[in-house]
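Have a look at the structure below before the remarks.
The values are calculated or read from the model by the stated rules, or taken from the named source; none is laboratory data. Since we're looking at a predicted model, the values are computed, not measured. FYI the Cβ positions are ideal-geometry reconstructions off the backbone, even for glycines, and counts take in every protein chain you see. Surface accessibility is based on the protein's heavy atoms, side chains included, excluding ligands, DNA and RNA. Shrake-Rupley method; radii C 1.70, N 1.55, O 1.52, S 1.80 Å.
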Amino acid sequence: KKDFYSNQIPLLPNLMQKLGYRVGAVGAISQFTEATQNGIDLGFHNAIISEQSGYEERQITELASQWLEKYGQSPFFLFLNYDSFYTPFKPPFEQINLTKLFIKPLGLNQKQVLYNGLASYVDKEMKYLQRKLHELGIEDDVDIIFTSGHGMQLSKQKWGYLAGVPNGLTGGYANSGHSLLDEELRVPLIIKIAHEKRSEDLFIKKPTSHIDIFPTIYSLAGGNTNNLRLNGINFSENLFASSTYHEFETKL
């Protein structure tokens, strides 16, 4: 922590504050604050930690909605971290495909079904957030960036690719961090630009990395990245070429 602060690393929340934005964060963010021993203060005006067990996605959405009601009418940057895609997967019961679950009740099939249930659950939370933005009259005024930290194996590769990884009835291979295969490294990156209206979505296969999101967001917000010590590439100009939605081939 001492080294981090002494190096004066550029921080997106701090830079967004200097541009006049209200900066907030909600969700599994204890490491992004000084709430824990190893946590680091990234410079949010206010950070709401929601790391309770159970269906925390709904809790995060509700807290985010309250934050938007309070600050959504002024320029803002809000970071949300939904964090349930870690084993054990526990989607709400109504999101589980019971037919597929009981075809093979043990092993990787079980994890795949539960993982898919979580994905469906998060999809619904995104719809709730979109509805909140619409209710507040700011749906067309905000840029929205959706991405993910990493993927899961979920038995997409032959067993030989993952030799030596502990595997029991619950499917140890299904966890993350066991390989550098695309199932883990290729993640979604979907971007909606404010006020951009297009007749159809466009998928652009342009290689990017998470490290590029920092300069891209900062540029979209009106900042100048030329004098910052950033390793990422600002790809904001690519977002206005043809469509509202752009899905990039993104790796960690």
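For the stretch 2-43, count the residues as N, evaluate 2.2 N^0.38 Å, and divide the Cα radius of gyration by that value, please.
Working: Rg = 11.0 Å, N = 42, 2.2 N^0.38 = 9.1 Å.
Ratio of Rg to 2.2 N^0.38 Å for the stretch 2-43: 1.21.
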**Message:** For a quick check: with amide H placed at 1.01 Å from N, whose amide H comes under 5 Å from Lys206's, ignoring anything fewer than 5 positions away on the same chain?
**Reply:** Glu249
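Where does the charge balance sit around Arg58 when Lys and Arg score +1, Asp and Glu -1, over other residues with C-beta under 10 Å from its C-beta?
On the way: positive: Lys124; negative: Glu56, Glu57, Glu62, Glu125.
Net charge around Arg58: -3.
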**Message:** Using amide H atoms built in the peptide plane, which far-off residues or other-chain residues are under 5 Å from Ile48 H to H?
**Reply:** Ala25, Val26, Gly27
**Asked** Listed highest first by mean packing, meaning other Cβ atoms within 10 Å per residue, what order do 1-9, 218-226 come in?
**Response** 218-226, 1-9
**the stretch 1-107 - Rg (one decimal) and Dmax (whole number), Cα, Å** = 17.9, 56
**Request:** Per residue of the stretch 130-141, in order, report the coupling 6.51 cos²θ - 1.76 cosθ + 1.60 (Karplus, θ = phi - 60°) as ³J(HN,Hα) in whole Hz, putting x for Gly and Pro.
**Result:** 4, 5, 5, 4, 5, 4, 7, x, 10, 4, 8, 9
**Prompt:** Under a Cβ-Cβ cut-off of 14 Å, what is the net charge of the residues other than Leu220 that fall near it, where Lys and Arg count +1 and Asp and Glu count -1?
**Reply:** -4
**Complete:** Carbon and sulfur atoms account, in whole percent of the 1.4 Å probe accessible area of the stretch 1-157, for 51 percent
**Complete:** For the stretch 28-83, the Cα-Cα pair-distance distribution in 5 Å bins from 0, as whole percents, is 4, 19, 27, 23, 19, 7, 1
**Request:** Excluding Ala28 itself, calculate the net charge of residues whose Cβ lies under 13 Å from the Cβ of Ala28, where each Lys or Arg counts +1 and each Asp or Glu counts -1.
**Result:** -4
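Counting only heavy atoms of protein chains, what accessible area per residue, in Å², does the stretch 1-105 have with a probe of 1.4 Å? Intermediate results must be reported in sequence, preceding the final value.
On the way: 6250 Å² over 105 residues.
Spelled out: the 1.4 Å probe surface of the stretch 1-105, per residue, equals 60 Å².
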**Length gained when the stretch Leu228-Glu139 is fully extended (0.36 nm per residue, less Cα-Cα span)** = 29.0 nm
**Message:** Check which residues have an amide H placed less than 5 Å from Phe76's amide H, if you skip close sequence neighbours.
**Reply:** Arg22
